[in-house]
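Step one of this worksheet: look at the structure below.
The values are calculated or read from the model by the stated rules, or taken from the named source; none is laboratory data. Just so we're clear, the structure is a prediction, and the values are computed from it rather than from any experiment. Note that each Cβ is placed from the backbone with ideal geometry, even for glycine, and that neighbours are counted across all protein chains shown.
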Amino acid sequence: MPFEFSFTEEQEQFRRTVREFLHENILPTVQDYDKNEEFPLDNIQKMASQGYFGLTIPKNYGGQELSKIEYGILLEEIGGICSSHGTILGAHLGLCATPIVLFGTEEQKKKYLPSLASGNSLGAFALTEPAAGSDAANIQTTADINGEDFILNGSKIFCTNGDQADLTIVFATNDKNLGPMGGITAFLVEKNTPGFSVGKIEKKMGLKASSTAELIFENCKIPKSNVLGDVGAGFMVALTTLDGGRVSLAVGALGAAQRALDLCVDFLRKNQSEGGSLSNRQSVQWKLADIAMEVYASKYLVYNNLVELEKYYKIIESREKVPRRLRDSISRGSAISKAYVTEVASRAIIRAIEIQGISGIKEGSEIERGFRDSFIAEIYEGTNDIQRMIIAKELLGLGL
């Protein structure tokens, strides 16, 4: 992994453009969406109009074909204003569109990517089940072959965008005797497919503007042409996708931590200008410095991971064989980013509350909303304890 990184002028300009758009068009409404626990459809359409929902999709399928660095910049800036919006975009582009780019047939790419890139269709990723959360290998949803179709039966829970999505990648067991490597398949399931329905919509302590749904499959017929990747290769599709998803989640958390730092600096400067003495207190200075140190370290960590992820995904997209050591290294790097930076964000927001006092815990403040959102990031896409297991197993050569 390289330890030298800098943004190009074009990337810095992209950041400025994204930040200006988000602060002018999205930030003013995020508190209302959070308070009302409402899916921000208007904001999603505004973001789609800027090409954000097809940012990394190849141009010949309607996307902008920008790199993972620009994708990281976008998610970092969105994470700084509202984690719910970043979660929606990440599930759509990182967890649904990207695996189609990596593993889809030409027919699947032509059929699904243009509408995903434009934002006319929304994507989702359904892996988690009541008995298979972080233990993704224990999938109970079944896929039984029936002529030219597979019949899906089972349910998924905690699916981001689940009730809103037009296309969902669903993982099911096609042969329990083969285990996860060979016995799990990924399917492209369209909205309104007979036998596919939405169940309970979860209420959460945070990420209230994003939808989290139960999905139910009852004799749901999916044609073989909608298998993503090879039959039996679904577990590898899931792992590869989550490697990218965890880095994406980390860079969104970086945005939240950076926003906490910026708000603290603004708060202390205002306090000082009004004759206050908070900024002169050593304990406050140390808290501020602690946030800054971890934010700066996190920035280098996640963007170096994104550089490596870009190389890794290009190998997969070219259909070349990926060396096992490289795959394990990518998994370790994404696990480190996810665990470390999400915890950095939580610590940053707690310190921000300590610095701001009552202002930081008032309902409707950015810090209060960030506090509720930040801890969820430590849980989903694999808990941070699971990330620590991945890191240790890779270091010890125990296999993932």
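At a glance:
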| read-out | value |
| --- | --- |
| Candidates Leu66, Leu95, Leu102 - the one that is in contact with a Phe, Trp or Tyr (Cβ under 7 Å, 6 or more places away or on another chain) and surrounded by fewer than 24 Cβ atoms within 10 Å (Cβ to Cβ) | Leu102 |
| Boolean, Ala132 is within 24 Å of Phe158 (Cα to Cα), small (Gly, Ala, Ser), outside the structural domain of Ala48 (by TED's automatic domain parsing) and in contact (Cβ under 8 Å) with a residue 24 or more places away in the chain | no |
| Residue in segment 194-205 that is farther than 28 Å from Leu22 by Cβ, outside the structural domain of Ser84 (by TED's automatic domain parsing) and crowded, with 23+ Cβ neighbours inside 10 Å present | no |
| When residues of segment 363-394 are limited to those that are hydrophobic (A, V, I, L, M, F, W, C) and under 18 Å from Asp135 (Cβ atoms), the one surrounded by the most Cβ atoms within 10 Å (Cβ to Cβ) | Ile390 |
| Segment 147-198 - residue that is out of contact with any Asp or Glu (no Cβ under 9 Å at 6 or more places or on another chain) and among the β-branched types (Val, Ile, Thr) and, of those, farthest from Ala131 (Cα to Cα) | Thr193 |
| Hits in segment 62-94 - residues which are among the hydrophobic types (A, V, I, L, M, F, W, C) and out of contact with any His (no Cβ under 9 Å at 6 or more places or on another chain) | Leu66, Ile69, Ile73, Leu74, Leu75, Cys82, Ile88, Leu89, Ala91, Leu93 |
| Candidate set from segment 110-127 (those that are touching a Phe, Trp or Tyr at 6+ places or on another chain (Cβ under 8 Å) and surrounded by fewer than 18 Cβ atoms within 10 Å (Cβ to Cβ)); member that is nearest to Tyr52 (Cα to Cα) | Ser118 |
| Options Ala256, Ala238; residue that is surrounded by 13 or more Cβ atoms within 10 Å (Cβ to Cβ) and in contact with a strand residue (DSSP E or B) (Cβ under 7 Å, 6 or more places away or on another chain) | Ala238 |
| Single residue of Ser283, Ser248 found to be assigned to a helix (DSSP H, G or I) and more than 22 Å from Ala335 (Cβ to Cβ) | Ser283 |
| Given (1) surrounded by 13 or more Cβ atoms within 10 Å (Cβ to Cβ); (2) more than 25 Å from Tyr380 (Cα to Cα), index of the condition Val341 fails | (2) |
| Some residue of segment 25-48 being out of contact with any Cys (no Cβ under 7 Å at 6 or more places or on another chain), of a type outside the set (A, V, I, L, M) and over 28 Å from Thr212 (Cβ atoms) | no |
| Selected residue [under 22 Å from Gln31 (Cβ atoms), touching a residue at least 24 places away in the same chain (Cβ under 8 Å) and outside any helix (DSSP H, G or I)] from Gly364, Gly370, Gly382 | Gly364 |
| Strands (runs of 3 or more DSSP E) contained in segment 86-200 and holding at least 3 residues more than 23 Å from Glu37 (Cβ to Cβ) | 142-146, 149-160, 167-173, 184-190 |
| Segment 50-108 - residue that is charged (D, E, K, R) and closer than 29 Å to Asp230 by Cα and, of those, nearest to the chain's Cα centre (by Cα) | Lys68 |
| Hey, Tyr300 within 30 Å of Ile57 (Cα to Cα), of a type in the set (Ser, Thr, Tyr) and in contact (Cβ under 8 Å) with a residue 12 or more places away in the chain or not | yes |
| Set Asn177, Asn219: member being of a type in the set (S, T, N, Q) and free of Cβ contacts under 8 Å to residues at least 60 places away in the same chain | Asn177 |
| Residue list for segment 290-316, filter: among the small types (Gly, Ala, Ser) and farther than 13 Å from Tyr340 by Cβ | Ala292 |
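Quick grid of which residues meet (1) modelled with pLDDT of 95 or more; (2) part of a helix (DSSP H, G or I):
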| site | (1), (2) |
| --- | --- |
| Ser298 | yes, yes |
| Ile315 | no, yes |
| Arg319 | no, no |
| Val322 | no, no |
| Arg327 | no, yes |
| Ala339 | yes, yes |
| Thr342 | yes, yes |
| Ile353 | no, yes |
